[in-house]
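Colleague: Please read through the structure below; I'll follow up with questions.
No lab work stands behind these numbers, since they all come straight from the coordinates. Nothing here was measured: the structure is a model prediction, and the numbers come from that model. Backbone-built Cβ (ideal geometry, glycine too); neighbour counts: all protein chains shown.
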Amino acid sequence: MPESTFLDSSELVLNMGPQHPSTHGVLRVILKLDGEKVMGTECVIGYLHRGVEKIGENRTYQQFAPYVDRMDYVAAVSNGLGYCLAVEKLISAEAPPRAQAVRVILTELNRIASHLLWLGTHALDIGAITPVFYCFREREEVLKIFENYCGARLTTHAFRIGGLQYETYDGFEEQVKAFSNLFLPKVDEYEELLTNNRIWVSRLKGVGILSVEECKEYGVTGPVLRAAGLAWDLRRAQPYSGYDQYEFDIPTGTSGDTYDRYLVRIEEMRQSVRIIRQAVDRLPSGPVMGKVPKALKPPVGEVYVSIEAPKGELGYFLVSDGSLQPYRVRVRPPSLVNLQALDRMVRGGLVADVVAIIGTLDIVLGEVDR
Amino acid sequence: MGKFLRSIFLVDLLQGLWVTFRNQNPKYIYTEQYPAERPQVAERYRGAPRLNINPENGETLCIACNLCALACPENLIVVGSERNETTRRKELTTFTYDLSRCMFCGLCEDACPVDALELTQDFELASYTREGAIWDRQMLEEGPRPTQYAS
């Protein structure tokens, strides 16, 4: 067939988003298409930019804590943990053991909630309508625990610098235990719906392959990196908040495709339950708030603290000039960094794969744009 | 052969539907019929703010220390006070709380040394105007009066 038929006369430029439902918010992807094949992409971000980092420079350290919940709003507790750990490192304080254990329980619950929301919406993008209702049913139980604990369901503001504002409520341990018992069979149920589903497998297997080397080049972290085969988890690599006391496995994939990322996240939910059970069984008694002055004036200096958020490495870089307000707040959001690999992953694929790959990256645009 | 039989007898479909129908049991129904059925929010729920009054004499508990206004990240609280010449103490005159900017973080509640300001379990905060979301002292003490559409 000759090169110059009228069919390949020009490449088609297609705008996907910012209102496309499968872009999980307001991501705009400019696709360059040759028929159904993707030749290249360009991401346009910033539709949800709120200037969170600048807000941080105009608030005291305590006042900025509610704002970090609004970056990755499906994993607000993890954001709060990262920020609190960063400020605690800046002022050389540490949360009491009980506070650390409660923090671990709530962050792992939040990891489950985040992965459930990812699983539901990802399956919805692929075309499986049922899992989203199942996932939201269990997510509701997690959100009930959050609501009982701190009074908010989504933007929780659960942690304070130096520990916790609230002691656990009556029946906290029972509710968490009941959830962990209830949850594991439900994970099997999701797997029953999806793992061997022929449409699911054929839509995901071999799609959006990212090798370990490519992940390292792009700085991709979290389940995407682990699915490529590298067991890199900051909870194990640089333990924080007492994660070294808990036994858990780091699930890894082999091929680094979308299906492996699905399996890794499913397994991570099971490991989170394992951590929660250990933490609840060994919940120490004692105070939940360390000695931190109300008017917080950290010494001059800078810190970088990163934690393993549900989506990857979430880092906070704080610069203090010795005043009440930080001189600079910089956030390393996992979603933004992982999104950079989108072009590499979709190139050569089909348009329908773009939807699957955006879903599997598990981005939250509130965090990408901040 | 096995694959052929699976596709003839729609095994995959029936497997999926079995999970679906298993969950038709009424005890798994999660939907709340909102206006008719009032949701039970948690005890610690952070909703509408309230300025507590002393139930014995009806005086406000607020000592006009201004700590809530300083703690608020959005600067939405304005505390007005004047010095009482006879008792030589600050007394609360006005208290303005701009709910339209509030994100219910609970920092004002934490800062209050006398438990006067409190975020309550009221969650129906809609108003027809933007000005309606700015609550004065009277509104904060008596609480909102949303229209009850169901008994």
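Colleague: Given Cα pairs under 8 Å that are at least 6 residues apart, what percent is the relative contact order of chain B? Walk me through the numbers on the way to the answer.
Modeller: On the way: 184 pairs, mean separation 40.6, N = 151.
Relative contact order here is 27 percent.
Colleague: Turning to a different aspect of this structure: Starting from the Cα of B:LYS90, draw a straight line to each of the lysines and keep only those under 20 Å, dropping any in the same chain fewer than 8 residues away.
Modeller: In chain and number order, there are no partners.
Colleague: With a Förster radius of 25 Å, plug the Cβ-Cβ distance of B:LEU13 and A:ARG137 into 1/(1 + (r/R0)^6) and report the FRET value to the nearest 0.05. Intermediate results must be reported in sequence, preceding the final value.
Modeller: Numbers: r = 22 Å, r/R0 = 0.89.
Result of the calculation: an efficiency of 0.65.
Colleague: Treat each spin label as a single point 7 Å out from the Cα along the C-beta direction, and report the A:LEU12 to B:ARG130 distance in nm.
Modeller: According to this spin-label approximation, the distance is 4.4 nm.
Colleague: May I pose another question? Once the Cβ-Cβ distance between A:VAL319 and B:TYR34 is put in as r, and R0 is 60 Å, what FRET efficiency do you end up with, to the nearest 0.05?
Modeller: Numbers: r = 47 Å, r/R0 = 0.78.
Given R0 = 60 Å and the Cβ-Cβ separation, E is 0.80.
Colleague: Still on this structure, please answer the following. Count the net charge of all other residues whose Cβ sits under 13 Å from the Cβ of A:THR258, scoring Lys and Arg as +1 and Asp and Glu as -1. Walk me through the numbers before you get to the answer.
Modeller: On the way: positive: A:ARG203, A:LYS205, A:ARG261, A:ARG265; negative: A:ASP125, A:ASP257, A:ASP260, A:ASP353, A:ASP362.
So the environment of A:THR258 carries a net charge of -1.
Colleague: Still on this structure: Taking chymotrypsin sites (Phe, Trp or Tyr not before Pro) as exposed when DSSP calls them loop (any state but H, G, I, E, B) and at most 12 other Cβ atoms lie within 10 Å, what is the longest stretch of chain B free of them, the sites themselves excluded? Present the calculation step by step, with values, prior to reporting the outcome.
Modeller: Numbers: sites that count: B:PHE9, B:TYR30, B:TYR128, B:TYR149.
With chymotrypsin sites (Phe, Trp or Tyr not before Pro) excluded where exposed in loops, chain B gives B:31-127 as its longest stretch.
Colleague: Please compute the contact order of chain A in relative form: average sequence separation of alpha-carbon pairs under 8 Å and at least six residues apart, divided by the residue count, as a percent. Each step should come with its number before you reach the end.
Modeller: Numbers: 716 pairs, mean separation 97.0, N = 370.
Normalised by residue count, the contact order of chain A is 26 percent.
Colleague: Now a separate question. Per 0.36 nm of contour for each residue apart, how much would the distance between B:LYS90 and B:THR120 grow if the chain were fully extended, relative to their Cα-Cα spacing? Write out the running numbers ahead of the final one.
Modeller: Numbers: separation 30, 0.36 × 30 = 10.80 nm, distance 2.60 nm.
Taking 0.36 nm per residue and subtracting the Cα distance, the gain is 8.2 nm.
Colleague: Let me ask something else. Along the charge dipole of the range A:31-105, pointing to its positive end and built from +1/-1 on Cβ of Lys, Arg, Asp and Glu, which listed residue (A:VAL44, A:ALA99, A:ALA86) has its Cα farthest out?
Modeller: Selected residue: A:ALA99.
Colleague: What nm distance separates the two modelled labels at B:SER100 and A:LYS32, each placed 7 Å from Cα along Cα→Cβ?
Modeller: 4.7
Colleague: If exposed GluC sites (Glu not before Pro) are those in a DSSP loop with at most 13 other Cβ within 10 Å, what is the longest stretch of chain A that has none? Could you put the intermediate results ahead of the total?
Modeller: On the way: sites that count: A:GLU3, A:GLU36, A:GLU247.
The reported range is A:37-246.
Colleague: Next question, about the same structure. Tell me which of B:GLN138, B:THR93, B:LEU76 sits at the most positive position along the dipole axis of the range B:37-151, charges placed on C-beta atoms (Lys, Arg +1; Asp, Glu -1).
Modeller: Of B:GLN138, B:THR93, B:LEU76, it is B:LEU76.
Colleague: Beyond a 29 Å Cα-Cα separation, which of these cross-linked pairs lie in this structure: A:LYS37/B:LYS3; A:LYS37/A:LYS186; A:LYS54/A:LYS297; A:LYS205/B:LYS27; A:LYS144/A:LYS186; A:LYS32/A:LYS54?
Modeller: Values: A:LYS37/B:LYS3 31 Å; A:LYS37/A:LYS186 37 Å; A:LYS54/A:LYS297 19 Å; A:LYS205/B:LYS27 37 Å; A:LYS144/A:LYS186 17 Å; A:LYS32/A:LYS54 35 Å.
Check vs 29 Å cut-off fails for A:LYS37/B:LYS3; A:LYS37/A:LYS186; A:LYS205/B:LYS27; A:LYS32/A:LYS54.
Colleague: Can you find, among A:PRO185, A:PHE136, A:LEU263, the residue sitting farthest towards the positive end of the charge dipole of the range A:49-369, where Lys and Arg contribute +1 and Asp and Glu -1 at Cβ?
Modeller: A:PHE136
Colleague: OK, next. How much net charge surrounds B:ARG6 when only the other residues with a Cβ under 14 Å from the Cβ of B:ARG6 are counted, with Lys and Arg +1 and Asp and Glu -1? Walk me through the numbers on the way to the answer.
Modeller: On the way: positive: A:ARG198, B:LYS3; negative: B:ASP12.
With Lys, Arg at +1 and Asp, Glu at -1, the net is +1.
Colleague: Tell me the GluC sites (Glu not before Pro) within the range B:1-82 that lie in a loop according to DSSP and have at most 13 other beta-carbon atoms within 10 Å.
Modeller: B:GLU32, B:GLU37, B:GLU43, B:GLU56, B:GLU59
Colleague: Between A:ARG270 and B:ARG145, what FRET efficiency comes out of the Förster formula 1/(1 + (r/R0)^6) with R0 = 30 Å and r the beta carbon distance, rounded to 0.05? If you can, show how the numbers build up before the last one.
Modeller: Numbers: r = 49 Å, r/R0 = 1.62.
In this case the efficiency is close to 0.05.
Colleague: Relative contact order of the range A:21-161, please, whole-number percent, based on alpha carbon pairs below 8 angstrom and at least 6 residues apart. All intermediate terms of the calculation are to be shown ahead of the outcome.
Modeller: Details: 148 pairs, mean separation 32.3, N = 141.
Relative contact order for the range A:21-161 comes out at 23 percent.
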